[in-house]
Every structure is written in structure tokens, then in C-alpha cells.
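To start, the structure under review is shown below, and the notes come after it.
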Ligand code: RAM
């Protein structure tokens with residue numbers, strides 16, 4: 001019995017050892033497979049944190065690009081540094097996003113609501129159902145007639161909205177632009193999600209690394225008049241002009257109008273027009289999600305590299321399937337929260353929009369108004385397969 005038992009134990013031991021070996025081999029093979037999936041064939045031995053121009057990725061404007069975009073669904077702290085003077089019946093802030101159906105703005109609105117609850121103000125979000133500047137003008141006029149205390153607007157066009165916003169200011173309404181700026185004399189504060197230069201450059205830096213600094217690339221943007229995307233594209237082109245990008249060529253900038261179907265169609269058209277296309281940058285959460293779906297439908301996921309700006313919730317499936325390896329963003333909840341806090345501070349008279357002024361933005365802490373009335377939320381964050389599951393927005 002003992003012998004048998006010993007044999008059995010030995011036999012099990014051998015089987016276990018064999019299983020362990022198989023497991024190690026399997027892990028190694030899966031690891032190698034994942035490595036292939038995550039690192040496309042064209043990637044060179046380049047340092048993963050260095051751009052094609054030999055600079056640290058995300059560098060510039062004095063901010064680290066790897067800071068966390070904070071909690072996915074931050075819980076409001078009941079006594080988190082509210083601005084008491086700003087609350088009350090007089091504080092009625094209206095958010096006017098590019099469009100109200102875009103999940104990015106729906107998420108940002110939750111931050112606005114959170115701040116409103118903290119400071120005791122009212123919150124409403126109104127706007128067009130699709131990204132449309134003319135319709136935004138009509139909403140501005142209506143809000144002006146309603147005499148809201150502040151309008152926080154993300155502009156589909158910096159100039160088309162300006163006359164109506166100037167009229168609102170003339171009537172004593174405070175105007176904050178957030179996400180996408182308007183002409184500087186048509187608002188008091190611009191709440192920028194991150195440094196525009198850094199946002200623009202980081203997307204080229206990511207794609208350059210994925211492509212080993214060579215190949216044809218295209219940009220799939222939002223509306224052709226969108227202030228934020230056009231500013232970022234300017235910095236993308238500047239980045240591409242640096243030494244190190246000689247073998248990367250921007251073949252076209254297409255516009256999907258922040259419309260999922262139009263963005264999808266533009267992506268398919270790009271694939272047809274440029275059979276050798278190596279990568280696409282889509283600096284819009286709507287565009288990048290639609291482009292990822294189009295790449296997968298066309299069987300080009302993982303073959304044509306895709307990066308840009310997106311929300312973790314919209315891109316999770318595409319990161320899991322390997323169509324997207326890296327993309328950037330900030331926390332839209334915090335953006336909405338900060339836009340509301342800045343509006344409240346303007347209404348309270350704590351700030352006027354002059355450079356150097358400071359105000360308390362609840363759980364986000366203290367902010368200083370910079371040049372040109374700009375308040376910057378924080379650095380952009382790079383999402384990857386490794387960290388995406390930590391975020392829920
Ligand atoms: C879209 C909008 C928005 C932009 C994000 C990244 O949701 O165009 O303005 O900031 O993408």
C-alpha cells in the first residue's frame with residue numbers, strides 16, 4: 001500500500017511537474033503573443049518613453065503627462081472647500097456643450113451637477129443634439145433672455161458664437177468657455193482640460209512610437225471649425241515638422257463632425273484613399289470610437305494603428321481587441337466640476353478673469369487664472385491595456 005501510495009504520490013508529483021512546465025510554457029507563449037499584439041511589427045527598438053524627436057513623451061509646458069486623471073467617478077466630499085459666497089438663488093449656471101448627446105459632455109455635466117450641489121447653486125445643461133454652432137447661438141440668446149447667472153460653453157466655432165456671448169456679457173451674465181474656447185473677448189475664463197500644446201504633441205508622439213517613426217498617417221477630427229481640435233492639430237503639425245519625423249507623412253485631415261456615422265464613413269474613405277495608411281490620430285472621443293469600429297469592420301484593426309483622445313468606457317473593448325494600444329484624455333467629470341466652480345467664482349466676484357487671480361475649486365483645490373484668462377485642469381493622461389480598467393467614465 002505504502003509503495004503504491006508512494007508511487008501514486010511520485011506519479012502525481014511527476015504529473016504536477018509536467019503540468020507546471022506546461023503552464024510555464026503556456027504563459028510564455030501567451031506572453032509572446034500579447035507582446036506581438038501590443039507591439040506592432042513596425043516598432044523599432046526605440047525607447048518606449050521617447051518620442052521620434054528624441055524627447056520625453058508628454059513633456060513640455062512643464063507638466064507630467066503620466067499623472068492620474070483622478071477617480072473615475074469621484075464622490076463628492078460634503079465639506080470639500082466649497083465657495084460659500086457663490087451659492088444661493090443667484091447662482092444659476094447653464095452648460096452649453098458642443099452637443100448634448102456626446103457621452104463626453106454627458107459625463108462632464110455630472111461634474112457640473114456635483115459642484116452645483118456643493119456650492120448650493122442650480123445647474124442645467126442645454127444644447128443642440130448634434131455639434132452645430134448656429135444652434136448654439138440660439139441657445140445663448142435664450143439663456144441670455146432667461147438671465148441665467150453664468151453660461152459655460154464648449155464652442156463648435158470660436159467666432160460664430162462670439163457676438164451672442166458678448167451680448168450676454170453686456171447684460172451682466174458671466175461667460176466661461178470650457179473644453180473648446182471662443183474668441184477671448186467673448187468670455188471671461190477658459191477652462192482648458194490640459195495644456196493645448198501638450199495635448200496636440202502627445203498624440204503624434206504616441207503614434208510615432210507605435211509606427212516606429214515611419215509611414216503615412218491621417219487625422220480624423222471633429223467639426224472643421226472646432227476651436228480645441230484645430231488648436232491641437234496645429235501642434236500636431238508642428239511636432240511632425242521636428243527632426244525625427246521625416247519618414248512620417250500626414251496625408252490628410254478629415255472631419256467627422258463629432259458624429260459617429262460621419263466619423264465611421266470618413267475612416268473607411270481614408271482606408272480606401274490611402275491603401276498604405278499606417279496610422280490615424282483622432283483627437284475626438286466620438287471620432288476615435290467610430291474609427292476603431294470602422295477599422296475592425298474593415299479587418300484593419302491592429303494593422304492600421306489608431307490613437308487620439310477617447311474615454312476609457314467607450315474604448316475599453318477596442319483596447320481589449322488590440323485595435324487601440326494607447327490613447328490620451330483627462331477626467332471629463334473634473335472638467336465639468338472645474339467649469340462650474342470657475343463660473344461660481346465669477347458670479348461671486350471672487351475672480352474677474354484677470355491673470356494671477358486665484359479661486360478655490362472644491363475638491364480639486366486652488367486654481368490660478370493664467371494668461372488670457374485660462375485655467376488649466378491638469379496634465380493629459382495616457383491610457384493603456386494595463387491601466388484602463390481603473391477608470392469608469
Ligand atoms: C469630443 C469633443 C470634445 C473634445 C473631446 C476630446 O468629445 O470634440 O470637444 O474635447 O472629444
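Rule-based calculations on the coordinates, nothing more; no lab input. Because the structure is predicted, anything quoted here is derived from the model rather than measured.
Two decimals, Cα atoms only, Kirkwood Rh: what is Rg/Rh over segment 196-329? Mind dumping the intermediate values first?
Numbers: Rg = 13.0 Å, Rh = 14.1 Å.
Ratio of gyration radius to Kirkwood radius: 0.92.
For segment 129-271, what does the relative contact order come out to in percent, with C-alpha contacts under 8 Å and a separation of six or more?
Values: 224 pairs, mean separation 30.6, N = 143.
Taking the mean separation of contacting Cα pairs over the length of segment 129-271, I get 21 percent.
Between the alpha-carbon centers of segment 186-215 and segment 261-328, tell me the distance in whole angstrom.
Cα centroid to Cα centroid, the span is 17 Å.
Over segment 291-391, calculate the relative contact order: mean separation of alpha carbon pairs under 8 Å at least 6 apart, over the residue count, as a percent.
Numbers: 123 pairs, mean separation 27.4, N = 101.
Reported relative contact order: 27 percent.
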